[in-house]
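Attaching a single structure in structure tokens format; questions to follow.
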């Protein structure tokens, strides 16, 4: 009788041990199934960043590489497979080194708008200035981005009318349209790269004289290398303002 009671008292522990063993076996099976399903995810060659890529700067092809990563078959097609597809595009956010680049992170330079657009190509020490133009004023809309122009000022003072070229080799980086002109494609503004000193002088002439632009031959500015650094105005802090006396001293033949 005592032996029977001992077996009966140990039976719950035996059953508990069997249950625990079954749970352990089930856990191993689940892990094995998950591992097996993970290995079935296909790998895809995608473009990744080899260094941190800041927003608004065109992506250099040297900062890109191809890496194989697991991509589920039903995953949206947001990755790039060739470096040439991403080179020159503009990051909308900071892309970290080693990160796969997706179509949500970048846009083409032609599509970059607003606060997240690419930086304007302004050299150090220069500024961008937008000046008005029209068909007669701006070479019948033939002026395009990356052209170089000269600026002619015409002044009427005391019954005297005089014209003079006040600047040459101004780099045009953007052309713009506005209002109804946009539908016809007519250019209404030119954004040019100038020193801050030149910006003050052009602003004065826009207020008190008339400006006209001539389009320079591409052969001339390609051979000369375009704009050169102005030692008299090396930074935006070099501008000291202009008055009528300043303009008369700089361009005496106009007065």
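The values are calculated or read from the model by the stated rules, or taken from the named source; none is laboratory data. Please read all numbers here as calculations on a predicted model, not as lab measurements. We place every Cβ from the backbone using ideal geometry, glycine too, and count neighbours over all the protein chains shown.
Does at least one position in the stretch 215-230 carry a residue that is at pLDDT 90 or above and either in contact with a helix residue (DSSP H, G or I) (Cβ under 7 Å, 6 or more places away or on another chain) or surrounded by 12 or more Cβ atoms within 10 Å (Cβ to Cβ) (or both)?
yes
On the given criteria, is residue 150 without any contact (Cβ under 8 Å) to a residue 24 or more places away in the chain and within 30 Å of residue 231 (Cα to Cα)?
no
Give 131, 95, 122, 101 a once-over and let me know the one that is touching a helix residue (DSSP H, G or I) at 6+ places or on another chain (Cβ under 7 Å) and under 29 Å from residue 62 (Cβ atoms). Steps first, please.
Working: 131 fails: under 29 Å from residue 62 (Cβ atoms); 95 fails: touching a helix residue (DSSP H, G or I) at 6+ places or on another chain (Cβ under 7 Å); 122 fails: touching a helix residue (DSSP H, G or I) at 6+ places or on another chain (Cβ under 7 Å).
The match here is 101.
Among the residues of the stretch 50-101, count how many are without any contact (Cβ under 8 Å) to a residue 24 or more places away in the chain and either in contact with a strand residue (DSSP E or B) (Cβ under 6 Å, 6 or more places away or on another chain) or surrounded by 13 or more Cβ atoms within 10 Å (Cβ to Cβ) (or both).
3
Something else now. Taking the stretch 78-102, which residues are within 20 Å of residue 44 (Cα to Cα) and outside any loop (DSSP other than H, G, I, E, B)?
If the condition is that a residue be within 20 Å of residue 44 (Cα to Cα) and outside any loop (DSSP other than H, G, I, E, B), then 79, 83, 84, 85, 86, 95, 100, 102 are the ones that fit.
Here's something else I'd like to know. Right, residue 164: under 15 Å from residue 209 (Cβ atoms), surrounded by fewer than 18 Cβ atoms within 10 Å (Cβ to Cβ), at pLDDT 95 or above and more than 24 Å from the chain's Cα centre (by Cα) or not?
When the stated conditions are applied, residue 164 passes them.
Filter the stretch 39-49 down to the residues that are loosely packed, with under 13 Cβ neighbours inside 10 Å and in contact (Cβ under 8 Å) with a residue 12 or more places away in the chain, then identify the one that is nearest to residue 110 (Cα to Cα).
The qualifying residue nearest to residue 110 (Cα to Cα) is 43.
In addition: Taking into account only those residues within the stretch 147-159 that are in contact with a helix residue (DSSP H, G or I) (Cβ under 9 Å, 6 or more places away or on another chain) and modelled with pLDDT of 90 or more, which is surrounded by the fewest Cβ atoms within 10 Å (Cβ to Cβ)?
Among those residues, the one meeting the criterion is 154.
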